[in-house]
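The values are calculated or read from the model by the stated rules, or taken from the named source; none is laboratory data. Since this is a predicted model, take the numbers as computed values, not measurements. Please note: Cβ atoms are built from the backbone with ideal geometry, for glycine as well, and neighbour counts cover all protein chains shown.
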Amino acid sequence: MACFLVIWQHVSESLLRHSSGGQWTSQLANYFDFGRIGVVAFFCISGFVIPRTLEGNRLPALRAFALNRFFRLYPIYWVALAIGIYSLWLVSGRQLPLSTILANVTMGATFAGEPHVMGLFWTLEIELVFYVATALLYLAFGRYKLLSALVGFALAYRLWKLDLLKDTPGNLPILGYLLAIMFTGSAMRCIYDLKQEPLFSKSENWKKAARILFAITVYLVAQPVIEGIEKSFTESDPVWNRYGWGHTLGLALFALFFFLPQTPRWLSSAGRVTYSAYLLHAIVFTLIGRLWSTQELPKTRLELFILLTTLVTFAIAALSYRYIEKPSIRLGKRLASKFQ
């Protein structure tokens with residue numbers, strides 16, 4: 001669902017000029033910022049899942065974590081990057097400096113002062129920072145996962161409130177807030193698995209303290225975006241709609257699926273290929289737009305463009321998962337098992 005919202009947002013913006021109707025899809029996506037909703041939901045899921053993959057003795061666990069994450073993220077990312085460079089830049093006659101390509105290969109272009117080959121890659125940088133922070137916190141606190149999540153949240157929230165990154169490019173000025181969202185997801189997982197916590201499961205009072213501290217993190221994350229929603233009713237600047245509703249509904253979407261009694265089978269299958277779908281969808285809708293332009297095809301409703309892009313993207317993503325992601329994940333796990 002989160003990935004579909006991102007596709008909806010980007011297609012409704014990029015293929016609007018080729019549409020014969022259905023502009024409501026673009027207006028709705030822009031008002032609520034569907035892309036932001038999907039990205040925030042992704043960040044919540046990462047926060048909920050990733051720290052739990054670190055278990056066992058610290059140094060071996062960190063080596064295994066690094067290998068698993070590398071082989072999970074980079075192989076298909078490099079494939080998407082290569083296709084993106086060719087299809088979005090070289091085919092259209094635009095040149096990319098070698099420095100830009102090399103910076104993108106690292107998945108940290110903004111940190112190197114270079115633009116992204118595809119704008120959506122900015123979210124991967126945030127993920128990398130979260131992985132590094134999670135690894136360092138595990139090195140410091142080990143199996144005290146809730147304590148680790150709370151410390152991570154406090155540091156990230158402080159980074160954001162002090163506005164220490166206000167003069168940095170891209171989305172880095174809100175890095176602290178996005179990390180705070182992810183560490184809130186981590187804390188939520190710890191509350192869910194509270195019996196496994198060595199510190200906060202000692203007694204009922206400790207458990208109550210854990211739930212109170214988690215409630216505080218939720219409040220601190222939700223409070224500024226709810227204020228954004230309030231301002232959207234009084235201010236004319238549309239940024240408040242996008243900021244307030246985008247973040248709030250992203251958090252709500254994560255909570256909704258967390259509380260579902262059982263995830264539908266088709267949704268679980270789609271979920272496995274969403275990383276590939278996220279990386280590749282911009283290439284798909286750009287090529288669709290180019291096809292419509294070069295072949296002078298008749299204008300089509302935006303709803304059909306969204307549906308076509310979604311179907312083609314997930315079909316390609318299923319293949320890339322089977323032939324690229326899955327083998328690389330297996331290789332990462334095989335190498336990581338040697339350190340455990």
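Exactly one residue out of Ala222, Ala209, Ala270, Ala317 is crowded, with 20+ Cβ neighbours inside 10 Å and either at pLDDT below 85 or aliphatic (A, V, I, L, M) (or both), and it is Ala317. Of the candidates Ile85, Ile76, the single residue that is free of Cβ contacts under 8 Å to residues at least 60 places away in the same chain, in contact with a helix residue (DSSP H, G or I) (Cβ under 8 Å, 6 or more places away or on another chain), of a type in the set (Val, Ile, Thr) and more than 25 Å from Ala187 (Cα to Cα) is Ile85. Is at least one residue of region 70-84 of a type in the set (Val, Ile, Thr) and over 17 Å from the mean Cα position of the chain (by Cα)? Yes: one or more hits.
Set side by side, the residues Leu297, Leu308, Leu279 differ, and just one is out of contact with any Cys (no Cβ under 9 Å at 6 or more places or on another chain), surrounded by 16 or more Cβ atoms within 10 Å (Cβ to Cβ), among the aliphatic types (A, V, I, L, M) and farther than 24 Å from His116 by Cα, which is Leu308.
Out of the residues in region 49-66 meeting the condition of being within 15 Å of Gly332 (Cα to Cα) and at pLDDT below 90, tell me which one is surrounded by the fewest Cβ atoms within 10 Å (Cβ to Cβ). Applying the filter and picking the extreme gives Pro60. Restricting the first member to region 314-327 and to residues that are farther than 14 Å from Val79 by Cα and assigned to a helix (DSSP H, G or I), and the second to residues that are modelled with pLDDT of 90 or more and not basic (Lys, Arg), the beta-carbon pairs closer than 7 Å and six or more apart or on different chains are Phe314/Ala277. When the residues of region 119-160 are filtered to those that are charged (D, E, K, R) and at pLDDT 90 or above, the one that is surrounded by the fewest Cβ atoms within 10 Å (Cβ to Cβ) is Arg158.
Of the residues making up region 275-304, those that are of a type in the set (A, V, I, L, M, F, W, C), over 27 Å from Ile45 (Cβ atoms) and part of a helix (DSSP H, G or I) are Leu287, Ile288, Leu291, Trp292, Leu302, Leu304. Within region 186-204, none of the residues are within 14 Å of Ile37 (Cα to Cα) and surrounded by 13 or more Cβ atoms within 10 Å (Cβ to Cβ). Going by what's in this entry, would Lys195 be described as outside any helix (DSSP H, G or I) and either touching a Cys at 6+ places or on another chain (Cβ under 6 Å) or basic (Lys, Arg) (or both)? Criteria not met by Lys195.
Report the residue count in region 130-150 for those that are without any contact (Cβ under 8 Å) to a residue 40 or more places away in the chain and among the aromatic types (Phe, Trp, Tyr). The total comes to 1.
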